[in-house]
Amino acid sequence: MIEIKSLSKEFPDKKVLHGIDCRFFDGKTNLIIGQSGSGKTVLMNCLVGLLEPTEGHILYDGRNFVTMNKKERTLLRREMGMLFQGSALFDSLSVLENVMFPLDMFSPLSYKDRKKRAQECLDRVNLIDAQLKYPAELSGGMQKRAAIARAISMQPKYLFCDEPNSGLDPKTSLVIDKLIHEITVENNMTTIINTHDMNSVMGIGENILYIYQGHKEWQGTSSEILSSNNQRLNDFIFASDFSKQLRKSFEEHEEHLP
Amino acid sequence: MGRTFQRPERMRMFFKKYYSEIYQLGINSIGIVLLISFFIGAVICIQIKINVQSAWMPLWVSGFTTREILLLEFSSSIMCLILAGKVGSNIASELGTMRVTQQIDALEIMGVNSASYLILPKIAALVTMIPFLVTFSVSAGMVGAYATAYLGHIITPADLTAGMQHDFTQWYFWMGVIKSVFFAFIIASVSSFYGYFVKGGSIEVGKASTNAVVSSSVLILFSDIFLTQILS
C-alpha cells in the first residue's frame with residue numbers, strides 16, 4: 001500500500017499540490033484523475049521521486065520515501081515499475097533487450113534465465129513475435145505493451161502508469177487497460193494510473209482520486225462516481241454532451257425502476 | 001559530475017556500453033579523420049612549397065614544415081575541433097533526445113545512475129580512441145603530402161622524405177597525443193552536460209547540440225594555449 005500524507009509541492013512561481021492525503025491499495029488499479037494542469041503528473045513525479053515534495057510524506061508499505069537517503073531510494077526504486085506516457089523505450093535496443101535491461105542491470109540470474117524471464121513478460125503482453133524489432137518499428141499500442149513488459153520484468157510491487165492510453169485508439173486503449181488490470185491482480189501490485197480517459201475510469205477504476213487545482217476533491221470507486229453529488233467531479237466526468245445525455249438517461253432509468 | 005564518475009552498478013553493462021561508444025564515437029570517426037587529414041596534409045605541403053619555400057631555403061623545408069604542423073597542431077587541436085562538431089553534436093543530441101523522451105527518467109526510476117551509465121562510457125571511449133585518431137590523422141596527412149609528390153609532382157619524394165625525417169623530435173608526437181586526450185575529455189563531458197540537462201523539446205535539443213559544439217570548441221582553443229605552453 002502507498003500512503004500519501006499532507007503532500008504539497010511548490011515551484012518558485014506556483015503551488016501545484018496542496019496537502020493531499022490519500023491511500024493506494026494493493027492488488028487494485030488506483031486512478032488519479034483530473035483536468036490538464038490539475039497536478040496529476042506532479043503528484044506522480046513526487047511519488048516516484050522525480051520531484052521532491054515541499055511538504056508531506058509518502059509511505060511505501062510504511063517506509064517513508066521522502067526521508068530516505070539516496071541508497072535507500074535506489075533500492076526502493078527497484079521495487080517500482082513505470083509506464084511512461086511516451087513509452088520511453090530505449091531507441092538503440094531491441095524490444096527484447098529493452099525488457100531484459102532491468103534484469104541485466106540488477107538481476108543475479110544467468111543470461112539464459114534473464115532472456116527466458118524477458119520472453120515470458122513479452123509473451124504475457126502478446127509481443128513475443130516482435131522481440132527482435134526496434135521501438136521505432138512498433139505501433140503506439142505495441143510500444144505501450146513493450147513498456148509494460150519492461151516495467152513488470154523485475155516483478156515490481158508498485159506499478160506507475162502515466163497516461164497509458166494517450167495517443168491510442170479506443171480499442172487499443174481497452175486492451176492496455178485490461179492488460180494493466182490483469183497484471184495488477186495477478187501480481188498483487190499497487191498500481192497507480194494517471195489518466196483522464198473516462199473509459200479507463202469506468203472500466204478499471206477500483207480506487208479513484210480526483211484532483212482539482214492541486215487539491216484532493218473526491219475519492220471513491222467507479223460505481224460511486226456516477227452517483228456522486230460533487231459538482232466539480234460531475235463537471236469533469238460529464239464534460240461532453242454525449243456523456244451528459246448518458247447520465248440523464250441513466251438517471252431516468254433509475255427513476256423508472258420499481 | 002560526481003554522479004558521472006561513481007562506480008557503475010554493473011561492470012558488465014558498463015563495458016557493453018563502453019564498446020558500443022568506442023564504435024559509435026571512435027571507429028565511426030576514422031573515415032572523416034582520414035579524409036580531412038589526407039587533404040589538409042596535401043594542401044599544407046603545396047602551400048609551403050609554392051608560397052613559403054624560396055631559393056635560399058633548403059629543399060627539405062616543405063616536408064619538415066608539413067610534418068611539424070601536422071604533429072604540433074593540426075592532428076591534435078584542429079582535428080579535435082572538427083571532432084567537437086561531429087562527436088559533440090552526436091552526444092548532445094543523443095542525450096537530449098533521451099531526456100525529452102523520458103528515457104533518462106526511465107533509467108532513474110529503475111534505480112540506475114543515469115549519469116554514470118550514459119556519460120562515463122562516452123568519456124572513457126573518446127579518451128581511449130583519441131590517441132588512435134591522432135595517429136591516423138598524422139599518418140593520413142603525411143600520405144596526403146606524399147600524394148602531392150608522387151601524383152602532383154609539386155615536390156620530389158626525396159626532398160619530402162628528407163624534410164619529414166629532419167630533426168625529428170618524438171616528444172612532439174606525444175605532446176599532440178596528450179593534448180588530444182584533454183580535448184577528448186572536454187568534448188565528451190561538455191557535450192554530455194548540454195545534452196543531459198536539456199529541458200523542453202526538439203528546439204531545445206537543437207540548441208543544446210549547437211551550444212555543445214560552440215562551448216567545446218572555445219574550451220579547446222583556450223586550453224590549447226595553456227597546454228601548449230605547459231608541454232613545450
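The values are calculated or read from the model by the stated rules, or taken from the named source; none is laboratory data. Computed from a prediction, not measured in an experiment: that's the story for all the values here. Cβ coordinates were reconstructed from backbone atoms using ideal geometry, including for glycine residues, and neighbour counts include every protein chain displayed.
Name the single residue that is farthest from the other protein chains (Cβ to nearest Cβ) among those in region A:44-91 being in contact with a Leu (Cβ under 7 Å, 6 or more places away or on another chain) and aliphatic (A, V, I, L, M).
A:58
Would you please list the contacts, defined by Cβ atoms under 9 Å and residues six or more apart or on different chains, that run from a residue in region A:91-106 that is touching a residue at least 24 places away in the same chain (Cβ under 8 Å) to a residue that is of a type in the set (Lys, Arg) and buried (at least 23 other Cβ atoms within 10 Å of the Cβ)?
Qualifying pairs under 9 Å: A:95/A:150; A:98/A:150; A:99/A:150; A:100/A:150; A:101/A:150; A:102/A:150.
Testing residue A:94 on (1) away from chain B (no Cβ under 12 Å); (2) of a type in the set (Gly, Ala, Ser); (3) more than 30 Å from residue A:133 (Cα to Cα), one condition comes back false. Which one is that?
Single failed check for residue A:94: (3).
Hey, among the residues in region A:139-159 that are in a loop (DSSP other than H, G, I, E, B) and within 14 Å of chain B (Cβ to nearest Cβ), which one's surrounded by the most Cβ atoms within 10 Å (Cβ to Cβ)?
Step by step, filter region A:139-159, then rank; the result is A:153.
Please go through region A:48-74 and pick out each residue that is hydrophobic (A, V, I, L, M, F, W, C) and either touching a strand residue (DSSP E or B) at 6+ places or on another chain (Cβ under 6 Å) or without any contact (Cβ under 8 Å) to a residue 24 or more places away in the chain (or both). Please lay out each step first, then the result.
Here is the first cut: in region A:48-74, the ones hydrophobic (A, V, I, L, M, F, W, C) are A:48, A:50-51, A:58-59, A:65-66, A:68.
A:48, A:50, A:58, A:59, A:65, A:66, A:68 - these are the residues of region A:48-74 that are hydrophobic (A, V, I, L, M, F, W, C) and either touching a strand residue (DSSP E or B) at 6+ places or on another chain (Cβ under 6 Å) or without any contact (Cβ under 8 Å) to a residue 24 or more places away in the chain (or both).
Only residues in region B:19-34 that are under 17 Å from residue B:95 (Cβ atoms) count as the first member; pair them with residues that are hydrophobic (A, V, I, L, M, F, W, C), Cβ under 7 angstrom, at least 6 apart or cross-chain, and list the lot.
Close Cβ pairs (under 7 Å, with a partner that is hydrophobic (A, V, I, L, M, F, W, C)) amount to B:21/B:125; B:25/B:87; B:25/B:125; B:25/B:126; B:25/B:129.
Listed here are the residues, each with its yes/no results for (1) closer than 24 Å to residue A:27 by Cβ; (2) in the same structural domain as residue A:21 (by TED's automatic domain parsing); (3) loosely packed, with under 15 Cβ neighbours inside 10 Å; (4) touching a residue at least 60 places away in the same chain (Cβ under 8 Å).
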| site | (1), (2), (3), (4) |
| --- | --- |
| A:210 | yes, yes, no, yes |
| A:220 | yes, yes, no, no |
| A:227 | no, yes, yes, no |
| A:231 | no, yes, yes, no |
| A:238 | no, yes, no, no |
| A:242 | no, yes, yes, no |
| A:251 | no, yes, yes, no |
| A:255 | no, yes, yes, no |
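When residues of region B:105-135 are filtered for being within 9 Å of chain A (Cβ to nearest Cβ) and either surrounded by 24 or more Cβ atoms within 10 Å (Cβ to Cβ) or part of a helix (DSSP H, G or I) (or both), how many remain? It would help to see each step written out before you state the result.
Taking region B:105-135 first, the residues within 9 Å of chain A (Cβ to nearest Cβ) are B:105-113, B:117.
Cutting the leftovers down to either surrounded by 24 or more Cβ atoms within 10 Å (Cβ to Cβ) or part of a helix (DSSP H, G or I) (or both) gives us B:105-110, B:112, B:117.
The total comes to 8.
Go through (1) touching an Asp or Glu at 6+ places or on another chain (Cβ under 9 Å); (2) closer than 30 Å to residue B:141 by Cα; (3) of a type in the set (A, V, I, L, M, F, W, C) one by one and return the number of the condition residue B:100 breaks.
So residue B:100 meets the others, but not (2).
Given the condition crowded, with 18+ Cβ neighbours inside 10 Å, in a helix (DSSP H, G or I) and either within 14 Å of chain A (Cβ to nearest Cβ) or in contact (Cβ under 8 Å) with a residue 12 or more places away in the chain (or both), answer yes or no: does some residue in region B:52-60 qualify? It would help to see each step written out before you state the result.
First, the residues of region B:52-60 that are crowded, with 18+ Cβ neighbours inside 10 Å: B:53, B:60.
Of the ones still in play, those that are also in a helix (DSSP H, G or I) are none.
No, that holds for no residue.
Here are some conditions: (1) over 14 Å from residue A:82 (Cβ atoms); (2) within 14 Å of another protein chain (Cβ to nearest Cβ). Residue A:41 meets all but one. Which one does it not meet?
Of (1) over 14 Å from residue A:82 (Cβ atoms); (2) within 14 Å of another protein chain (Cβ to nearest Cβ), only one is false for residue A:41: (1).
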